[in-house]
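The values are calculated or read from the model by the stated rules, or taken from the named source; none is laboratory data. In this text the structure is predicted, and so the values were computed from the model without any measurement. Cβ sites come from the backbone with ideal geometry, for glycine too, and all protein chains shown count toward neighbours.
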Amino acid sequence: MPYITVQRFRQMHKGKPQELFLAAVPAEEVSRRKKIDVQSPENPGGYQRRLDSGRVRAISTYILSAEGMLPTALLVNIRVGAWFEPLDGSGDFGKLHFDEDQPWWIEDGQHRSGGVDEAVRVRAEKALTQKRDKPERLSYDLPVVFCLNFGRADEMDLFNIVNSKAKSVPTDLVASIIFNRVTEERGKDEPGKVSVVHLRKAAGVAIGRYLADRSPWKGHIQETNESKDAVNKPMQANTFASTLLPVMRERYVHTRFLTNPEDPDWQELAKVVQEYWEVLADLMPEAFADIAHYSVQRPVGVYAFHELLPEIIDVCRMEGDWSKEFVKAKLGLLEDWVSSAQWHRETGADIIKGSGNRAAIRVVVDRMRVLYHAPLTGLGD
């Protein structure tokens, strides 16, 4: 029988002591032996979801990149025939023996193991295009925790425990970590590569922090690890940063603001967004004075006005006029959409009184754009 070297440790499962075994296993070995109990019409008793190909590709790219670390252990069960042999007869270091024909059932970590499979495939394709006889071996170990002789029902229990009890890192904290990493990298004399996705996220966080210290947003953005206050702080820091993505995706914004080495903190773009909101506050003073009863500074309003912001930036750029008066004139084209009454959560427009979901935001943006853009003239029939 084959074996791997493991360390035994003990935890409780259903009120009883349970032995588990930790090992570092070559990733390609996990790929060769693994099996995943996916629920499907052909396998209705399965308990795993189907692989998300997007997540698999992202993990593969991550593995093959300079970062590439996956330190979290996979959870695997060998259903039949495995046993532990202590090295000294009674200790916790030893050999985990298993039948060659018994699969390793992945209870948690199927996307990580799928990412490894994809990385191996990418390596093989690269070798083929470069006309090499063999692909470069993926020298990569995965930490694995083994359960022994569990049945499918026990696997289901563990799958449910892992996926229902474990808590993901809050998105605001993740965004803050990305911001710190990007700004640290940009501050180096010879900065390394920063992905566009992380650059946009970091800039959005920086702008949110800039606005959070100034009226009309001061006191209305929930910062990282801050207690929830849905009345006075309806916008979380990460959500506010996400609403700015339509702006960040504009080519002019990217070249003029995001990648400007003379402005590492994105102060120029933050000032543009700040003045935009100051103009909106001038146009709708009642709505900004009573955030609890108006939706301008809630997700539906913030998403909608940030969707329109790239077009405001574009006309300012083309006309060479970034003054508040010019922006106010352009926003005035929105008619009722820059009046407080329209945004009242109880008596305003019907679409505003709803849940504020993505569909509602899309409707609001479409109605704004109809007013903002004059009909085209001079086109043939």
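Side notes on the structure shown:
- Search result, residues across segment 13-54 that are part of a helix (DSSP H, G or I) and either free of Cβ contacts under 8 Å to residues at least 60 places away in the same chain or small (G, A, S) (or both): A27, E29, S31, R32, S53, G54
- Restricting F305, F257, F288 to those that are of a type in the set (A, V, I, L, M, F, W, C), surrounded by 16 or more Cβ atoms within 10 Å (Cβ to Cβ) and farther than 29 Å from T183 by Cβ reduces the list to F288.
- Flag for V116 being in the same structural domain as Q39 (by TED's automatic domain parsing), more than 14 Å from T61 (Cβ to Cβ) and crowded, with 19+ Cβ neighbours inside 10 Å: no
- Among (1) within 31 Å of the chain's Cα centre (by Cα); (2) over 24 Å from R367 (Cβ atoms); (3) not in a helix (DSSP H, G or I) - the single one E268 does not satisfy: (3)
- Elements of type strands (runs of 3 or more DSSP E) contained in segment 63-162, each with 3 or more residues being without any contact (Cβ under 8 Å) to a residue 12 or more places away in the chain: none
- Tallying residues that are out of contact with any helix residue (DSSP H, G or I) (no Cβ under 6 Å at 6 or more places or on another chain) and buried (at least 19 other Cβ atoms within 10 Å of the Cβ) within segment 177-198 yields 0.
- Within segment 344-381, the set of residues being closer than 18 Å to I312 by Cβ and modelled with pLDDT of 90 or more comprises I361, V364, V365, D366, R367, M368, R369, V370, L371, Y372, H373.
- Selection of segment 199-219 for residues being closer than 15 Å to D172 by Cα and of a type outside the set (G, A, S) yields R200, K201, V205, I207, R209.
- Cβ separations smaller than 6 Å between residues 6+ apart or across chains give the following pairs from segment 189-213 residues that are under 14 Å from P246 (Cα atoms) and assigned by TED's automatic domain parsing to the domain that holds E250 to residues that are modelled with pLDDT under 95 and among the β-branched types (V, I, T): K201/I178.
- Set D92, D133: member being over 23 Å from G46 (Cα atoms), modelled with pLDDT of 90 or more and either in contact with a helix residue (DSSP H, G or I) (Cβ under 8 Å, 6 or more places away or on another chain) or of a type outside the set (K, R) (or both): D92
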